[in-house]
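Worksheet: the structure to be examined is printed underneath.
The values are calculated or read from the model by the stated rules, or taken from the named source; none is laboratory data. Remember, predicted model here, so these are calculated numbers, not experimental data. We work out accessible area using only protein heavy atoms, side chains counted, and drop any ligands, DNA or RNA first. Shrake-Rupley method; radii C 1.70, N 1.55, O 1.52, S 1.80 Å.
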Amino acid sequence: METEYISGLLINFVIQVMDVNNANFVASDISKKNKPKLVWDNTTFMVFIDLCMNEVKNGNRPGSHFNKLGWGNIEQKIKKRTRKSFDKKQLKNKWDTTMKKDCKLYDRLMMIESGIGWDPVRKTIVASLEWWDEKNKVKFANKSH
């Protein structure tokens, strides 16, 4: 139950933090061995989150990363559900660059920030418009530097 609660928090936090107007993320293989760039649209990203949560629930993330079985399951199921082919390296890069960063940000928000809460019915973070406006100002100010 606690894992589902945390997973729900993470999903809703990721949705709220993502810049909806610029929600396409590019996944590319670092070696670029004749592989085309793959686009992480919102649907693909949400499928990835769902698959990651399932692998955590199934015990295939014993530490900070998924084990071989977990990555294999994610790779196979994301292809089946999105019809996009991602290799383990691309999936791991997405996990490392986006998911871990967002988890750390979420933890920071829940431990340090005041004025926010959790709506268990809607499964979303609850904060005033002023709070979100202030966070967006900081977010965009940091991007311009």
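Things to note:
- Accessible surface comparison of M111, M46, probe 1.4 Å, protein chains only, largest first: the order is M111, M46.
- Entries in K79/K100; K57/K100; K101/K135; K57/K92; K57/K77; K79/K104 that, when Cα-Cα distance is taken, lie over 20 Å: K79/K100; K79/K104
- Whole-angstrom Cα spans of the stretch 89-137 along principal axes, big to small: 39, 28, 18
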